[in-house]
Amino acid sequence: MTLSKGEVPVRRYADGATLAGLFVLFLLIIPARLVLRGLPLSLTPANILSLLACMCWICATLTTTLGVAKGRTPARTALFVYLLALLASYGVSTYGYLPGDELKLADHALVLAIANVGLALAVCDGVRTAERLDRLLKIVIVGGAVIAMIGVLQFMINLDLTQYLQLPGLRFTTEGGVVDARNSLRRVASTTGHPIEFGVVSAMLLPLGAHLGFQARERGERSLGWWICTILIGMGLMFSVSRSAMVGVGAVAVVLLCGWPNRRKLQALIVSVVFLGATKLVAPGLLGTLYGLFANFGADNSVQYRTHRYDIALTELAKHRWFGHGIGTWYVPKYVAFDNQWIMSTVESGFVGVAAFAGLFVLGIYSALRARYLSTDPGARDLGLTLAACLAVPMLGAATFDLLSFGTVTGLTFLLIGAAGAHLRIAGQTAAVRKASALPTRPKPFRRTSTGTWAASGKPSTARPGQVSQGTLGQRAQGSGPTVEVTR
């Protein structure tokens with residue numbers, strides 16, 4: 001930035017976007033299987049940073065000088081209710097007897113819940129301008145492109161870069177690679193914990209990359225870099241060979257097609273056809289495998305494996321209806337896996353917990369769409385629609401796998417909920433300023449002067465008794481022209 005002569009540079013301080021940007025890089029670049037050594041709980045560097053963001057939010061909220069937003073918003077309310085529901089489940093389950101292994105896992109789950117909610121609140125209240133929110137989302141897409149490139153290398157040439165990303169002070173929680181197989185095709189997970197998680201993360205980031213590309217082009221900026229990031233993310237989505245990822249893309253398409261103009265819909269359709277054609281050339285058999293995941297849905301062993309356990313969930317729910325078995329206490333191999341976060345949340349935290357979990361998505365999507373409604377800027381309106389599409393992916397994807405058991409997709413979900421809340425707060429403030437500037441100026445009240453004349457308050461009259469003077473009576477009332485001041 002070039003400063004003119006005599007201009008003093010403005011010092012910028014760290015805010016919620018700064019901490020959230022570092023969190024995104026830690027979350028996406030450092031493999032999810034790496035945790036800190038020497039801790040009684042398995043915490044990743046991203047978890048530590050989110051706990052730091054939570055602590056900073058608490059300290060900043062207690063002051064009035066650090067620029068953190070105050071006041072209620074839908075996303076903020078949803079986060080508070082969710083945390084209170086989990087605290088209630090934790091308190092009820094630990095009030096009685098819990099085995100040592102389940103108690104340790106309950107403590108771990110509560111720490112992670114506080115970290116995720118604290119991060120979302122830091123974004124919701126600490127990102128105060130549209131420029132800072134845009135900068136944060138750009139960091140998210142760059143990080144998504146990096147992990148997508150790692151996934152592409154894993155799929156194309158079976159090169160796993162995650163084994164070279166182990167940092168000092170970290171250890172792997174599980175041994176083995178992150179490349180699986182399905183119908184003789186590699187299923188890659190990149191730096192995430194599982195190919196399903198990688199596919200869902202890619203589906204969440206895909207509309208955000210397209211948003212940045214479209215907005216850069218409309219502002220006359222260079223958009224090629226954002227389109228390259230979007231293509232890489234799309235390739236990572238395909239190479240995960242995941243049914244959950246395809247369901248997420250379908251949810252994104254439904255949301256975006258409801259709000260996009262017809263020209264953009266046509267452009268998206270053409271690009272999608274070209275992309276699928278290129279995928280068929282690069283990875284023969286991939287499209288057929290993805291089609292088979294849905295064509296043979298009823299006969300799929302993984303689907304049957306999930307559905308036959310619903311009776312177990314109903315039996316357990318009858319024992320702990322309102323607050324569940326306890327957060328984090330239902331784990332494999334001690335108990336069966338449901339591969340459905342909605343069922344898992346109902347079993348662990350009861351009807352209260354699953355209702356609060358649903359409220360996160362409902363009010364997060366509402367915040368994004370409400371911000372779109374309040375905004376007049378095309379870019380802000382498109383961002384609201386994009387955030388709603390991003391949050392629709394984990395909301396539906398939670399029905400296909402245990403979402404909260406995977407740190408990358410969970411952290412990204414809470415980050416986007418906070419971003420939706422920040423976007424609504426910014427849009428509301430902008431709309432309030434716009435409404436205030438559009439209101440007509442009220443006329444000043446009139447007063448009787450010492451000479452017996454009537455004049456506008458705040459401006460002394462120079463008229464003498466029996467004289468007509470040029471004043472502000474008619475000007476205030478009609479907006480222009482000479483005015484008449486009447487004296488006795």
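The values are calculated or read from the model by the stated rules, or taken from the named source; none is laboratory data. On a predicted model such as this, the values are computed, not experimentally measured, just so you know. No Cβ is skipped: glycine too gets one built from the backbone with ideal geometry, and neighbour counts run over all protein chains shown. With ligands, DNA and RNA removed, areas are computed over all heavy atoms of the protein, side chains included. Shrake-Rupley method; radii C 1.70, N 1.55, O 1.52, S 1.80 Å.
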Worksheet item: Amide H to amide H under 5 Å from R187: which residues, 5+ apart in sequence or cross-chain, H placed 1.01 Å off N in plane?
Response: D180, A181, R182
Practice prompt. Using Cα centres only, tell me the gap between the range 385-440 and the range 96-158 in whole Å.
Written response: 14 Å
Discussion item. Only sites in a loop by DSSP and with at most 16 other Cβ atoms within 10 Å count here; which trypsin sites (Lys or Arg not before Pro) in the range 367-412 make the cut?
Written reply: none
Practice prompt. Under 14 Å from the Cβ of I141, count the other residues' Cβ atoms, weight Lys and Arg +1, Asp and Glu -1, and hand me the total.
Written response: +1
Worksheet entry | Debye intensity ratio in log₁₀ form over the Cα atoms of the range 263-409, taken at each q of 0.18, 0.20 Å⁻¹ | -1.11, -1.18
Worksheet entry | Total formal charge among the other residues, if their Cβ is under 12 angstrom from that of E221, Lys/Arg +1 and Asp/Glu -1 | +2
Worksheet item: Sorted by accessible area (1.4 Å probe), largest first, how do I29, I157, I150 line up?
Response: I157, I29, I150
Discussion item. With θ taken as phi - 60° and the coefficients 6.51, -1.76 and 1.60, list the Karplus ³J(HN,Hα) couplings across the range 37-51 in order, rounded to whole Hz; mark glycine and proline as x.
Written reply: 7, x, 10, x, 10, 7, 10, 8, x, 5, 4, 5, 5, 5, 5
Worksheet entry | Net charge of neighbours whose Cβ lies under 12 Å from the Cβ of L404, counting Lys and Arg as +1 and Asp and Glu as -1 | -3
Worksheet item: So which of K138/K334; K70/K319; K138/K280 end up more than 32 Å apart by C-alpha?
Response: K138/K334; K70/K319
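So between L159 and Y335, what do we pick up on full extension, going 0.36 nm a residue minus the alpha carbon distance?
Length gained between L159 and Y335: 59.9 nm.
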Practice prompt. Might you work out the accessible area of V354 for me, using a 1.4 Å probe with all protein chains in place, and round it to the nearest 10 Å²?
Written response: 30 Å²
Discussion item. Going 7 Å from the Cα of T65 along its beta-carbon direction, which residues of the range 15-49 have the amide nitrogen within less than 20 Å of the resulting point?
Written reply: 15-16
Worksheet item: Heavy-atom accessible area of C59 with all protein chains present, probe 1.4 Å, nearest 10 Å²?
Response: 80 Å²
Response to the item:
trypsin sites (Lys or Arg not before Pro) in the range 203-233 lying in a DSSP loop, each with at most 10 other Cβ atoms within 10 Å of its Cβ, come to R219, R222
